[in-house]
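Colleague: Here you go, one structure.
The values are calculated or read from the model by the stated rules, or taken from the named source; none is laboratory data. This structure is a prediction, so every number in the text was calculated from the model and none was measured. Cβ placement follows ideal geometry from the backbone for every residue including glycine, while neighbour counts extend to all protein chains displayed.
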Amino acid sequence: MKQHRSSLIRIVSFLILTLLAPSAHADPNSGTMTVTDHYETRRDTCTSWMLTDYPSGLDETWCRAEFALPSAFLIKCSKAQQVGFSSQTQREACRLMFLRAAGETANGYVLN
């Protein structure tokens with residue numbers, strides 16, 4: 001059931017991003033953009049959102065699933081670690097997020 005729900009979310013997110021993406025409205029007869037260009041544009045957009053902020057949770061879910069990007073919250077926590085946390089709640093949330101990421105790293109697959 002969880003696998004099915006995840007697949008459904010990925011499909012819906014992809015459709016939304018495809019329909020709302022500026023490149024989706026380009027003239028298909030112009031010949032200036034290829035499928036690879038669309039992929040590169042989406043990847044660049046997702047990477048930019050990861051470093052700044054995602055416009056919505058659907059965008060974040062789709063980008064993280066499609067391009068295996070880390071959570072934008074990890075980026076924000078890393079920055080806050082250097083410049084200071086806005087509250088104790090943010091600091092605790094970041095601590096928990098780093099613990100979770102460390103656990104995922106410890107259990108990660110090693111290429112040989």
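Colleague: Can you tell me which residues in region 59-112 are out of contact with any Cys (no Cβ under 9 Å at 6 or more places or on another chain), free of Cβ contacts under 8 Å to residues at least 12 places away in the same chain and outside any helix (DSSP H, G or I)?
Modeller: Scanning region 59-112 gives 68, 84, 86, 87, 107, 108, 109, 110, 111, 112.
Colleague: May I ask you to verify whether residue 38 is over 11 Å from the mean Cα position of the chain (by Cα), modelled with pLDDT under 85 and over 28 Å from residue 93 (Cβ atoms)?
Modeller: No, not satisfied.
Colleague: Could you list all residues from region 44-58 that are closer than 16 Å to residue 78 by Cβ, of a type in the set (S, T, N, Q) and outside any helix (DSSP H, G or I)?
Modeller: 52
Colleague: Against the condition under 20 Å from the mean Cα position of the chain (by Cα), surrounded by 13 or more Cβ atoms within 10 Å (Cβ to Cβ) and modelled with pLDDT of 90 or more, how does residue 58 come out, does it pass?
Modeller: It is true that residue 58 is under 20 Å from the mean Cα position of the chain (by Cα), surrounded by 13 or more Cβ atoms within 10 Å (Cβ to Cβ) and modelled with pLDDT of 90 or more.
Colleague: Kindly indicate whether residue 86 is exposed (fewer than 15 other Cβ atoms within 10 Å of the Cβ), within 20 Å of residue 49 (Cα to Cα) and hydroxyl-bearing (Ser, Thr, Tyr).
Modeller: So residue 86 fails the test.
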